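Bear in mind these aren't lab numbers, they're just calculated from the coordinates by the rules spelled out. Here the structure is a predicted model, which is why all the values come from computation and not from measurement. Neighbour counts are summed over all protein chains in view; Cβ atoms, including those assigned to glycine, are modelled from backbone coordinates with ideal geometry.
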Amino acid sequence: MGSAVREEDGDSQIVAALARGLTLLDAFTRNDASLGNAELAERTGLTKPTVSRLAYTLALHNYLSFDPRLREYRLGPRAIRLGAIALATTNVRTLALPLMQRLATGSHFNVGLGTRDDLQIVYTDAAEGDALIALRLFPGSRLPMATSAMGRAYLAACGGDEREDVLDRLRPHYGDEWGRIRKGVDDAIDEHRRLGYCASIGDWQKDIRGVAVPIAARPGGAIYVLNLGGPAYALPEKELRERLALGLIAIARQVEAVLLTGDADRHADRADAVPPSPR
């Protein structure tokens, strides 16, 4: 791999030995039962004598375990414990926010994260793009469950019993309009099944277009939803569906990969940039 530690010139705060030790730990992947000094040197770009000293020190402190028969190292109990703590304290918001900001910056439109609060969706976080005129929603903003892309994506992701309970409670609020509203929800659920996202094209507000993607929750955890939206005149439906929806899906899959499997790298490349505009 050749991923040797990079030491910034003139940065007196860097502890080079510690950085090299972390690079050694980072060389292990979920596919490795154990690694020898030669493999560690090849993956890190460090010399074999340096690898030998670092591995010995890490094993002495239980961050690596040494197999004398194979003469190879595997991650030790302290490293495993740190990984378990990191995973347990990681949540949707901390994972999603930097990815949301990247998409907002690249697309120029605002990206939001929210979850259910009774019969509405409440924004927990927002990342702003730099469009001169945009959909301005902030943490604490609320959206309707049945007509917004965000609400529909939540309904698509939640269990059938919860969904029917919410819809039964919403029905009286819409009166004679309920048939049309319910059809919009059902169509959005089918859209999510087919395409991985839900759209609201003028359903919440006639001049607003939006798309939303749910994030699969840990068992027993809250369902969060990502959205991106803006004024209809500035946000063509084709671009929303064919380009920006893919950016939201990439974020959701990367967050899920960490929450559900602990695999932070599996989808990392897919969230690095906004997909190119369709031709």
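Listed values, structure above:
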item	result
Dipole moment magnitude, nearest 20 debye, the stretch 42-131 about Cα centre, only Lys, Arg, Asp, Glu C-beta charged	800
Residues His192, His108, sorted so that the one with the fewest Cβ neighbours within 10 Å comes first	His108, His192
Peptide ranges 33-40, 207-214 listed from the most packed, as the mean C-beta count within 10 angstrom indicates	207-214, 33-40
The stretch 128-215 - Debye-derived log10 I(q)/I(0), Cα point model, q = 0.12, 0.14, 0.23 Å⁻¹	-0.37, -0.50, -1.21
Inter-site label distance for Thr29 and Asp168 at 7 Å from Cα along Cβ, in nm	5.0
Neighbour-count order for Arg81, Arg241, fewest beta carbons within 10 angstrom listed first	Arg81, Arg241
Gyration tensor verdict on the stretch 16-88 (Cα atoms; rounded if a/c is under 1.5, prolate if a/b is larger than b/c, oblate otherwise)	prolate
Pair-distance profile P(r), taking every C-alpha pair of the stretch 31-171, with 5 angstrom steps and integer %	2, 9, 12, 12, 10, 8, 8, 7, 8, 9, 8, 5, 2, 0, 0
Order by protection proxy (mean Cβ within 10 Å, highest first), peptides 152-161, 92-101, 222-231	222-231, 152-161, 92-101
Charge dipole magnitude, Cβ of K and R +1, D and E -1 - the stretch 16-88, Cα centre, debye nearest 20	160
